Amino acid sequence: MTSQNYLSALFSLEGRVAVVTGGSSGIGRAVAGALARAGAGVVVVARGEAELAATVAELTADGCRAARVVADLGTRAGVREAAERAAAVFGEPDILVNSAGINLRPPMDEVTDDVWDATMAVNLEAPHLLGLRFGPGMAERGFGRIIHVSSQQAHRAFVRSGAYGVSKGALESLARSQAEAWSPHGVTCNTLVPGFVMTPLNARLSTDPDQVAALAARTLIGRNGLADDFAGAAVFLASRASAYVTGQTLFVDGEFSVH
Ligand SMILES: NC(=O)c1ccc[n+]([C@@H]2O[C@H](COP(=O)([O-])OP(=O)(O)OC[C@H]3O[C@@H](n4cnc5c(N)ncnc54)[C@H](OP(=O)(O)O)[C@@H]3O)[C@@H](O)[C@H]2O)c1
């Protein structure tokens, strides 16, 4: 067996179909690109048409199979419609990545009903509803991969975690419940945990060089995260290689979380 064949048997996503929410920006875009380049047909889902189109154009130009679904995952109807439209492109997905997320950042004593509802809808309820829609089918077919993108704020209060941290803590619990439900049938459910990653989500914090340097200094690696840092971990969790890894949280954070 050549090393190429060996690596393909472990990690190739050839013939798989993936749906990546938030696949038009930041971590989701990097993950969508990684899964597509590893062989999966990838459907990226978000609201912004231009960013989605740019993502699909980049992947298609690279010889990948990619398509987009414009959708607002902030409502139940929006999530359900997005799921049907995504599944109609390349067929029912083998891999679901929930990277779409919002962080509205009001301090805890200023969290309005609207902020709470919007945060829970996108960060927690959409991953739950998409799991409900796709998980049982994956289980029936005997293979599936569900990957959530949580946050170190699921584990600690950090620059006013507020409702955001709550949603991410629950998202990690959701992964464990999904793992309990579907892992016996070949569907693994895991969570990637970023630390501080330089993406549009952190546009405001990223413009403060002192903050950026202070956050980098909190990691053992000595720098803040980049979206591409998630590529390898995502391919691993989406591939055959991770068949015995489920219900886990994998910190991709330069060790931000440990000290
Ligand atoms: N960057 C970090 O330091 C960091 C740290 C911890 C956790 N995370 C988590 O990592 C994930 C990705 O974040 P990122 O940093 O890559 O952020 P990002 O660049 O802002 O990407 C967020 C993505 O979610 C989509 N999205 C947001 N609201 C949506 C909605 N209502 N319906 C559909 N799509 C929606 C956005 O597209 P549209 O706006 O066009 O809809 C975009 O594609 C998030 O879950 C975030 O909480 C990030």
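A few notes on this one:
- Against the criterion of being charged (D, E, K, R) and within 14 Å of the ligand (Cβ to nearest atom), Glu81 qualifies.
- Condition broken by Asn123, with the remaining ones in (1) free of Cβ contacts under 8 Å to residues at least 40 places away in the same chain; (2) in a helix (DSSP H, G or I) satisfied: (1)
- Thr246 vs. criteria in a strand (DSSP E or B) and either loosely packed, with under 15 Cβ neighbours inside 10 Å or modelled with pLDDT of 95 or more (or both): no
- Verdict on Ala238 being of a type in the set (A, V, I, L, M, F, W, C) and over 19 Å from Ser150 (Cα atoms): no
- Within the stretch 84-116, the residues that satisfy the criterion of being more than 15 Å from the chain's Cα centre (by Cα) and either surrounded by 24 or more Cβ atoms within 10 Å (Cβ to Cβ) or within 12 Å of the ligand (Cβ to nearest atom) (or both) are Ala86, Leu104, Arg105.
- Filtering the stretch 58-81 to residues that are loosely packed, with under 15 Cβ neighbours inside 10 Å and within 18 Å of Ala227 (Cβ to Cβ) leaves only Asp62.
- Residue match in the stretch 215-231 (condition: buried (at least 19 other Cβ atoms within 10 Å of the Cβ) and away from the ligand (no atom under 16 Å from the Cβ)): no
- For the stretch 187-214, a tally of residues being part of a helix (DSSP H, G or I) and surrounded by 23 or more Cβ atoms within 10 Å (Cβ to Cβ) returns 0.
- Unmet criterion (only one of (1) within 12 Å of the ligand (Cβ to nearest atom); (2) under 24 Å from Leu220 (Cα atoms)) for Arg160: (1)
- Taken over the stretch 174-195, the criterion of being within 16 Å of the ligand (Cβ to nearest atom) and more than 15 Å from the chain's Cα centre (by Cα) is satisfied by no residue.
- Qualifying residue in the stretch 4-13 (condition: closer than 22 Å to Arg141 by Cβ and part of a loop (DSSP other than H, G, I, E, B)): yes
- The residues on offer are Glu51, Glu58, Glu14, and the sole one that is within 7 Å of the ligand (Cβ to nearest atom), without any contact (Cβ under 8 Å) to a residue 60 or more places away in the chain and charged (D, E, K, R) is Glu51.
- Residues (closer than 21 Å to Thr55 by Cβ and either of a type in the set (Asp, Glu) or without any contact (Cβ under 8 Å) to a residue 24 or more places away in the chain (or both)) located in the stretch 85-101: Arg85, Ala88, Asp94
- For the stretch 123-157, the set of residues classified as surrounded by fewer than 24 Cβ atoms within 10 Å (Cβ to Cβ), closer than 17 Å to Val19 by Cβ and within 16 Å of the ligand (Cβ to nearest atom) consists of Glu125, His128, Leu129, Arg133, listed by residue number.
- Condition check for Gly63: farther than 24 Å from Val193 by Cα, of a type in the set (Gly, Ala, Ser) and within 13 Å of the ligand (Cβ to nearest atom): no
The values are calculated or read from the model by the stated rules, or taken from the named source; none is laboratory data. Computed from a predicted structure; not experimentally measured. Cβ sites come from the backbone with ideal geometry, for glycine too, and all protein chains shown count toward neighbours.
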